[in-house]
1. For an R0 of 22 angstrom, estimate the FRET efficiency from the Cβ-Cβ distance between residue 126 and residue 52 and round to the nearest 0.05.
2. Mean separation of Cα pairs under 8 Å and 6+ residues apart, divided by the residue count of segment 55-181: what relative contact order is that in percent?
3. Based on the Cβ-Cβ distance from residue 70 to residue 257, what FRET efficiency comes out when R0 is 22 Å, to the nearest 0.05?
4. At a 1.4 Å probe, what is the % contribution of carbon and sulfur to the accessible area of segment 1-81?
5. Ranking request for peptides 26-33, 135-142: highest mean number of other beta-carbon atoms within 10 Å first, then the rest in descending order.
6. Using C-alpha positions alone, give me the convex hull volume of segment 1-131 per residue in cubic angstrom.
7. Provide the packing ranking of 96-106, 10-20, i.e. peptides ordered by the mean count of other C-beta atoms within 10 Å per residue, highest first.
8. For the cross-link pairs 29/62; 99/264; 89/184; 99/261, which exceed 25 Å when the distance is taken from alpha carbon to alpha carbon?
Amino acid sequence: MDEFIKVVLLFFIYAFIGWLWETVYCSLKAGKFVYRGFLIGPYCPIYGFGILGVLYFLDPFKQNIVLLYILSTILVTILEYLTSYGLEKLFHASWWDYKDVPMNLNGRVALPVSLFWGIGCVLIVRVVHPKVLLFEGFLAKHFGLVLPIILLIMITSDLIYTLINMQAFKKVTTQLSTAVDERKEELAAKLNEKRTEFSSNLSELKESISEELTERKKAKSNERISLIEELKNTPSINELVSHIGFNQKRWIKNYPNLTLKNIKNPFEVKEIINKNRKNKK
């Protein structure tokens, strides 16, 4: 029972540290507060699992700093890849993308990032963990089994709520994507009508062609913007977006590399949600 309490508390401590690191780093990078994590609570489970894996599986190598670094790098890289793959299959969305980072694998992991994680793991094992153990011992002594049970109930409820929200989010984004397709078809039909009008009057053909070319150049650069502006002001679209909750909008806001899968217009859908969120501020 003591080992169970220890494992659960260490998991949440490191999950919180990971969440704190990501939130501070991303907030400084963005120049504004960015609440990280796909769950509601202040914890990132991947950090909890990753550090526990390093602490328990690599304990025999903790005195050999070189071997600890190499094995930690390999372990967390495998975990990051599997987590990215699992989240994509579960939520039909890609939460991070390293495709712009050199030596990446399918955008899920990248060598420079993995090397950084290896350094972090060594620092945690050799410097941070002894102090964390003191804090864990304090919590275990004063709260016993009660705190781990409360924390497990909390994260389980959080996960269930998030899964339900994600299903609703997938439904709304699919409907928004369909609306974008329909609007694109309407705009294409209007453009064809204009082309017919231009060519029907031979005396104005030259001028019409010139106007059309100018219009097409402008449309090429502004097509998405004008389309999004029209869509976000459409009552039916506003009705759909109104069903998107705070946590779902937070995913779009705080994960700029979030890629929605299985829909045809992920860029437009994200922009519609973002513009709707900003307009309500």
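1. Working: r = 16 Å, r/R0 = 0.74.
Computed FRET efficiency for residue 126 and residue 52 comes out at 0.85.
2. Numbers: 75 pairs, mean separation 27.3, N = 127.
So the answer I get is 22 percent.
3. Details: r = 28 Å, r/R0 = 1.28.
Computed FRET efficiency for residue 70 and residue 257: 0.20.
4. On the way: 3250 of 4280 Å².
Whole-percent figure for carbon plus sulfur exposure: 76.
5. 135-142, 26-33
6. Numbers: hull volume 16.8 nm³, N = 131.
Spread over its residues, the Cα hull of segment 1-131 gives 129 Å³ apiece.
7. Details: 96-106: 13.7, 10-20: 20.9.
Result, highest mean Cβ count within 10 Å first: 10-20, 96-106.
8. Working: 29/62 33 Å; 99/264 20 Å; 89/184 29 Å; 99/261 16 Å.
The answer is 29/62; 89/184.
The values are calculated or read from the model by the stated rules, or taken from the named source; none is laboratory data. Every value quoted in this text rests on a predicted model; they were computed, and no experiment measured them. FYI the Cβ positions are ideal-geometry reconstructions off the backbone, even for glycines, and counts take in every protein chain you see. Remember, those area values only see protein heavy atoms, side chains included, never the ligands or the DNA or RNA. Shrake-Rupley method; radii C 1.70, N 1.55, O 1.52, S 1.80 Å.
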